[in-house]
Every structure is written in C-alpha cells, then in structure tokens.
Amino acid sequence: MSDKLTPDALIEAALLTQTEPLSEKNMRELCSPSLSQDKLIDVLAQLKLRWHNRALQLVHTHEGWRFQIAQAAFERLGSLQEQRTPRYSRAVMETLAIIAYQQPVTRGDIESIRGVAVSQNIMQTLQDRGWIEIIGQRDSVGKPALWATTAAFLTDLRLDSLEDLPPLTELGDLVLPDLIEPAPSGEEDEALSEEAQATVSIH
C-alpha cells in the first residue's frame with residue numbers, strides 16, 4: 001500500500017509522526033525510487049504551503065525538518081503541557097547558561113564560575129535532554145572533557161545560531177516563561193545570577 005502513496009503524503013506522514021527532525025537524506029530515501037534533491041525541494045514547498053496559517057508549521061532546523069507549533073498557538077497551549085514537561089533546578093539552569101555563553105568549557109571551569117561542585121546528576125540531566133555534549137578535550141593536565149551545547153539546544157530554543165542567544169538576563173524568559181519558583185536551598189543550588197534562579201519547565 002505504501003507504494004501507492006505520493007511522495008508528499010509519505011513525507012508529510014513521516015514528519016508528523018517522528019519525534020526527531022528528519023534529514024533531507026532520510027526523506028529522499030523514504031520514497032521508491034529515491035527522490036532527487038530538486039523533487040524534495042518541491043515536496044517541502046508544497047507542504048509548507050499546505051500548512052500555511054495553521055497552528056503547526058513546517059520548519060527547517062539545524063537537525064533537519066520538522067513540524068512545530070506556531071508561536072501564537074504555543075503560547076495558548078502551554079498550560080496543557082505544564083504537568084508533563086520536565087522541570088529543572090536553578091543549579092541545572094546555571095550550568096546550562098555557563099556552557100551556552102562560555103563554551104567550550106570544562107567541568108572545572110563551570111565549578112570555578114559557580115563556586116560550587118557540579119554533580120554528575122546535573123551534567124547527566126543536560127545530556128539526557130540533548131542540550132550538551134563533549135566536543136573534545138583540553139590540552140592540559142588530566143585532559144578534561146570540553147562541553148558545548150548541541151544542535152538540539154538551538155532547535156528547542158528556536159534559535160538559528162549561538163549568535164542569536166539573548167542577553168543573559170533574558171535567558172530565563174526564553175526557556176521558561178511564567179514558571180518561576182524559588183529553588184531549594186543547598187550547595188548545588190547556590191545563586192550565581194538573578195536570571196538563572198528558577199525552577200523551570202521546557203516545552
């Protein structure tokens with residue numbers, strides 16, 4: 001039955017059902033025979049036109065193509081997600097901010113800036129979210145790992161590049177509007193900056 005589907009119908013279904021963005025190579029190879037690059041461009045243009053002015057929009061990100069909720073709908077639907085979205089401590093957000101704005105950095109760099117130890121749980125949380133990764137090692141004693149943000153980080157924050165990062169004082173509003181709560185006390189949650197002192201929810 002799949003061979004009766006038009007390329008645009010097959011690619012549309014793939015984009016709507018996959019949780020991760022699709023590369024152009026993957027979309028071309030979905031069809032039999034494989035689509036040419038020019039044909040794929042035509043299909044994507046048709047889909048963008050078909051979904052124009054709807055609550056879902058077809059967009060291109062650093063990781064590939066995907067459907068995402070239009071900003072106007074995202075703001076209205078946010079309350080439906082609050083109970084399902086992961087929530088992150090102030091310590092996690094401070095660590096993320098340091099990596100985002102100072103990358104590449106080692107764990108020691110982060111600890112020097114925060115003034116407290118960075119637990120493995122914090123780094124694992126950010127890795128599990130797909131926002132940070134090891135990109136190499138510093139040429140110094142112990143060869144510590146160098147951490148940087150990922151393409152998924154840019155995609156989730158709807159940024160085209162790191163140059164589009166807002167001033168640090170606005171980062172909290174970008175990643176979690178309207179969900180500011182006091183973080184628990186403790187060494188790992190000691191404040192470094194006003195903008196990161198919140199428990200957060202990411203959509």
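For Ser36, Ser112, Ser161, what's the largest-to-smallest order of accessible area, 1.4 Å probe? Working shown, then result.
Working: Ser36 65, Ser112 95, Ser161 35 Å².
The ordering from most to least exposed comes out as Ser112, Ser36, Ser161.
Between the DSSP loop rule and a limit of at most 14 other Cβ atoms within 10 Å, which trypsin sites (Lys or Arg not before Pro) in the stretch 123-162 are left? If you can, show how the numbers build up before the last one.
On the way: sites: Arg129, Arg138, Arg158; in loops: Arg129, Arg138, Arg158.
Hits after loop and neighbour filter: Arg158.
Could you give the length gained by full extension between Glu63 and Gln127, i.e. 0.36 nm per residue of separation minus their alpha carbon distance, to one decimal place? Spell out each step's value before the answer.
Working: separation 64, 0.36 × 64 = 23.04 nm, distance 1.64 nm.
Fully extending the segment from Glu63 to Gln127 adds 21.4 nm.
Checking the a/c ratio against 1.5 first, then a/b against b/c, what shape does the Cα gyration tensor give for the stretch 122-172? The partial results should precede the final answer.
Values: a/c = 2.19, a/b = 1.78, b/c = 1.23.
It comes out prolate by the Cα gyration axes.
Full-extension gain between Ala55 and Ser23, please, as 0.36 nm times their residue separation minus the C-alpha to C-alpha distance.
Additional length available on full extension: 9.3 nm.
Given H placed on each backbone N at 1.01 Å, which residues far from Leu146 in sequence or on other chains put an amide H within less than 5 Å of it?
Residues meeting the criterion, in which the H sits 1.01 Å from N, are Ile135, Gly136, Gln137, Arg138.
Need one number: nm distance between label points at Arg158 and Ala9, each 7 Å from Cα along Cα→Cβ, rounded to one decimal.
My value for the distance between the label points is 3.2 nm.
The values are calculated or read from the model by the stated rules, or taken from the named source; none is laboratory data. Fair warning: this is a prediction, and the values are worked out from it, not measured in the lab. A quick note on method: Cβ atoms are made from the backbone with ideal geometry, for glycine too, and the neighbour counts reach across all protein chains shown. Calculation scope for accessible area: heavy atoms of the full protein, side chains included, ligands and nucleic acids excluded. Shrake-Rupley method; radii C 1.70, N 1.55, O 1.52, S 1.80 Å.
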